[in-house]
1. What does the charge add up to near Glu99, with Lys and Arg as +1, Asp and Glu as -1, over the other residues with Cβ less than 9 Å from its Cβ?
2. Give a residue-ordered list of calculated ³J(HN,Hα) values for the range 20-33 (Karplus: 6.51 cos²θ - 1.76 cosθ + 1.60, θ = phi - 60°; whole Hz; x for Gly, Pro).
3. Within 12 Å, Cβ to Cβ, of Thr60, how many net charges do the neighbouring residues add up to if Lys/Arg are +1 and Asp/Glu are -1?
4. First select every other residue whose beta carbon is under 12 angstrom from the beta carbon of Ala166; then total the charges, Lys and Arg +1, Asp and Glu -1.
5. Treat the count of other C-beta atoms within 10 Å as a stand-in for reagent exposure and order Leu109, Leu150 from fewest to most.
6. Could you work out the relative contact order of the range 48-108, using alpha carbon pairs under 8 angstrom and six or more residues apart, expressed as a whole percent?
7. According to the square roots a ≥ b ≥ c of the eigenvalues of the Cα gyration tensor, what is the shape class of the range 48-108, taking rounded for a/c under 1.5, prolate for a/b larger than b/c otherwise, and oblate for the remainder?
8. Work out how much length Thr113 to Glu97 would gain on full extension: take 0.36 nm times their residue separation and subtract the Cα-Cα distance, in nm to one decimal.
Amino acid sequence: MFGLACLFAVAAGGARGAVDLQNLVDRSPFAPPGHRNDVAPPPEPSTLEFRGMVTDESGTAYSVFDTSTNRGRWVRADDENSPFRVRGFDPENATLEIEQNGRVQKLTLKRATIQAGQPVTGMRPAIPNPGANGGNAQVRRDAAADAQRLEAVAAEVRRRRALRNAANPGAGQPPPGTPTTPAPGQR
C-alpha cells in the first residue's frame with residue numbers, strides 16, 4: 001500500500017512541475033566539472049595501415065594495408081584507380097596523409113615487430129671430421145661392401161619379379177626379340 005501511495009505522489013508531483021530532462025542531460029551531476037556535451041565524438045579507428053614506401057624511376061609508391069579486407073596495395077600520389085588518394089607524405093614524422101571517401105586520414109608508418117621464433121628441430125647434417133690435411137678428408141668406400149649391397153638389391157628385385165610373374169603368368173614379359181639385361185656377374 002505504501003508503494004502505491006509513493007507512486008501516486010510522484011505522478012501527481014510530475015503533473016504539477018515538469019522536469020527539464022534536457023537540462024539534466026546537458027548538466028549531468030556525474031560529469032566532471034567543466035564537461036561539455038557539444039564535443040564531437042572521437043573519429044572511428046582506421047582500418048588502413050601505412051606499411052612502407054619505395055621510390056623508383058616512376059616516382060614514390062606507398063604500401064597501404066586494409067585490415068578489414070586483409071589486402072594491401074601500392075599506391076602513388078597520381079593514382080586514379082585507387083580507392084583512396086594520397087594527399088602528402090611527411091618524411092620527418094613518417095606519416096602519410098590520404099583521403100578515402102571524402103575523409104582525410106593521417107597514417108603513421110607501422111613499425112615491424114620482430115619476435116624470436118621457436119628453434120627448428122630435426123636431423124643435423126653429418127659433418128665429416130676434418131683430417132690432418134686441413135679439412136679435405138676423403139671418404140673411403142669399401143668396394144667389397146658396395147658390391148655386396150648391390151648384389152642384395154639385385155637379388156631382391158629378382159625375387160619380387162618372380163613373385164609378380166607367378167601371380168600373373170605372361171604379364172610383364174618382354175616381347176620376343178627384346179634383349180634382356182645381363183645378371184651382375186655376367187658382364
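1. Working: positive: Arg85, Arg87, Arg103; negative: Glu97.
Around Glu99, the charge tally is +2.
2. Result, ordered by residue: 7, 6, 5, 5, 5, 5, 5, 10, 5, x, 9, 7, x, x Hz.
3. Overall, the nearby charge balance is -3.
4. +4
5. Least crowded to most crowded, the residues run Leu150, Leu109.
6. Relative contact order for the range 48-108 comes out at 23 percent.
7. Verdict is rounded for the range 48-108.
8. Result: 3.5 nm gained on full extension.
Quick note: the coordinates plus some simple rules give every number you see, no bench work behind them. Please read these numbers as outputs of a predicted model, since none were measured by experiment. Glycine gets a Cβ as well: all are built from the backbone with ideal geometry, and neighbour counts include every protein chain shown.
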